[in-house]
Amino acid sequence: MDARAGIISAYGDYEDVLRDIRRFTSLADGSDALTKALLGNYALLDRGRPLEDLRNSIFLTALSRNSRCPLCERAQVCALDHFLPKNQFPEYSILADNLVPVCERCNRLKGDECDRADGLLMFHAYFDEFPDTEVLFAEIDVDNTVSIRYSLHHTDEIDNFTFERVTRQFDTLGLFDFYQMEAVAELTDQVDLYDETYYSSGDSGLRSILGALARGAERKGMNYWKAALYRALSRNAEFCSGGYQKLLAPSMNSLHHF
Ligand SMILES: [Zn+2]
């Protein structure tokens, strides 16, 4: 086979491949020599090699827009993820569309995740929109401490396939626990602000601040972890009537995770 023609054709079909991964036969399937040769291209992105500029421009574009990792929306980008893993799809090892800047943690956890047989891909930062209907919820429990638990809820507004993709993304990247830890850290830093608000304008004042934080966070998407967090807090009567002070009590959850 003319490898060059095959690769050019695969590049043109990349978006179609994402939409119908089950039917795609990788150019390198069954050919070790071609696979090795294609994987060897990846080193061309290294410092001082011919494709160093490509690598740099992908990072610079990410940094100029928003340096947050598109998979977790939290950490700084520092690695290039092969959306379609290079071992399974070596023809895309240096295709810019397949190189997505992500954080170290997501890069490690995503790894070679891609089961071609079930066709359930994660969300591609360049080609997919994360659903804007509410599926991520935070459950707040105010007891001896404030505990936060994230979960996904399937509603009629989202189709099964999309919901399964969201679930796959959260499970693969361990996002429930990750967001829970981030949420505890975020809120603990704000106890003084909640105190001032509560003592000057009571629980309605605190509820309105939390509501404003939720609306601000929703600009990043209904399912941004802070949006789900502040929506839940603004609706939690116990938290808003002084329960937030329990944030300062040692949390079994956070002890468990750290
Ligand atoms: Zn990340």
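Looking at 157, 186, 139, 196, just one residue is in a loop (DSSP other than H, G, I, E, B) and open to solvent by 30 Å² or more (accessible area, probe 1.4 Å), and that residue is 157.
Among the residues of the stretch 73-96, those identified as open to solvent by 30 Å² or more (accessible area, probe 1.4 Å) and either over 19 Å from residue 63 (Cα atoms) or touching a Ser or Thr at 6+ places or on another chain (Cβ under 7 Å) (or both) are 76, 86, 87, 88, 94. Any idea which of 113, 104 is in contact with a Ser or Thr (Cβ under 6 Å, 6 or more places away or on another chain) and either polar (S, T, N, Q) or closer than 19 Å to residue 85 by Cα (or both)? Checking each option against the conditions leaves just 113.
The single residue among 23, 116, 19 that is charged (D, E, K, R), more than 16 Å from the ligand (Cβ to nearest atom), open to solvent by 60 Å² or more (accessible area, probe 1.4 Å) and over 30 Å from residue 222 (Cβ atoms) turns out to be 23.
When residue 165 is tested against (1) in contact (Cβ under 8 Å) with a residue 40 or more places away in the chain; (2) open to solvent by 70 Å² or more (accessible area, probe 1.4 Å), just one condition goes unmet, and that condition is (2).
Can you confirm whether the stretch 51-65 contains a residue that is surrounded by fewer than 16 Cβ atoms within 10 Å (Cβ to Cβ) and either in the same structural domain as residue 227 (by TED's automatic domain parsing) or within 15 Å of the ligand (Cβ to nearest atom) (or both)? Yes: the stretch 51-65 contains one or more residues that are surrounded by fewer than 16 Cβ atoms within 10 Å (Cβ to Cβ) and either in the same structural domain as residue 227 (by TED's automatic domain parsing) or within 15 Å of the ligand (Cβ to nearest atom) (or both). Residues in the stretch 1-45 that are assigned to a helix (DSSP H, G or I) and under 17 Å from residue 93 (Cβ atoms): 27 in all.
Each residue in the stretch 84-104 was checked for being within 12 Å of the ligand (Cβ to nearest atom) and either touching a residue at least 60 places away in the same chain (Cβ under 8 Å) or assigned to a loop (DSSP other than H, G, I, E, B) (or both), and 1 pass.
The values are calculated or read from the model by the stated rules, or taken from the named source; none is laboratory data. Bear in mind that the values here come from a model prediction, so they are computed numbers and not experimental data. Backbone-built Cβ (ideal geometry, glycine too); neighbour counts: all protein chains shown. What goes into the accessible areas is simple: the full protein's heavy atoms, side chains included, and nothing from ligands, DNA or RNA. Shrake-Rupley method; radii C 1.70, N 1.55, O 1.52, S 1.80 Å.
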